[in-house]
């Protein structure tokens with residue numbers, strides 16, 4: 001059986017805590033969406049693009065309603081958040097143990113900084129009342 005001294009146990013505990021801390025700040029998986037201003041301008045053509053093509057491009061809309069004229073109106077709303085983290089990290093150095101004294105050990109942790117930005121894009125599409133063809137659309141994009 002291997003005996004671990006108190007100091008070695010503390011160093012292992014601190015190293016484990018730093019590892020868990022760094023893993024907990026891992027970035028979530030990015031889910032790509034084709035609902036961008038460029039894709040909208042490229043693929044939506046008034047009087048030509050139909051509902052099936054739109055669903056194939058952007059998926060099912062967030063909201064489906066009818067306006068006062070009985071025309072179907074679809075609304076897509078996408079919000080994305082980007083985060084950039086810099087810095088961070090930690091280091092552990094251990095020397096040896098002589099009696100009850102720790103020789104040459106140390107623990108270091110560096111600071112972190114982060115920047116977050118958000119983007120929002122809203123697409124509202126109106127279809128002709130007697131067809132599933134785009135009559136008109138409006139796009140609003142924001143970045144903050």
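The values are calculated or read from the model by the stated rules, or taken from the named source; none is laboratory data. Keep in mind that this is a model prediction, so the values were computed, not measured. Note that we place each Cβ from the backbone using ideal geometry, even for glycine, and neighbour counts take in every protein chain shown.
Looking only at the stretch 35-45, residues that are touching a helix residue (DSSP H, G or I) at 6+ places or on another chain (Cβ under 6 Å) and assigned to a helix (DSSP H, G or I) come to 1 in all.
So if I check each of 56, 85, 48, which one is out of contact with any helix residue (DSSP H, G or I) (no Cβ under 7 Å at 6 or more places or on another chain), modelled with pLDDT of 90 or more and not in a loop (DSSP other than H, G, I, E, B)? Give the derivation first.
On the way: 85 fails: modelled with pLDDT of 90 or more; 48 fails: not in a loop (DSSP other than H, G, I, E, B).
Of the residues listed, the single one that is out of contact with any helix residue (DSSP H, G or I) (no Cβ under 7 Å at 6 or more places or on another chain), modelled with pLDDT of 90 or more and not in a loop (DSSP other than H, G, I, E, B) is 56.
So, residue 124, is that one under 18 Å from residue 71 (Cβ atoms), more than 26 Å from the chain's Cα centre (by Cα), at pLDDT 90 or above and surrounded by 13 or more Cβ atoms within 10 Å (Cβ to Cβ) or not?
No.
For residue 72, the requirement of being modelled with pLDDT of 60 or more, in contact with a strand residue (DSSP E or B) (Cβ under 8 Å, 6 or more places away or on another chain) and exposed (fewer than 12 other Cβ atoms within 10 Å of the Cβ) is not met.
Tallying residues that are within 28 Å of the chain's Cα centre (by Cα), farther than 17 Å from residue 139 by Cα and in contact (Cβ under 8 Å) with a residue 12 or more places away in the chain within the stretch 55-81 yields 1. Screening residue 108 with (1) in a loop (DSSP other than H, G, I, E, B); (2) modelled with pLDDT under 55 gives one miss only, at (1).
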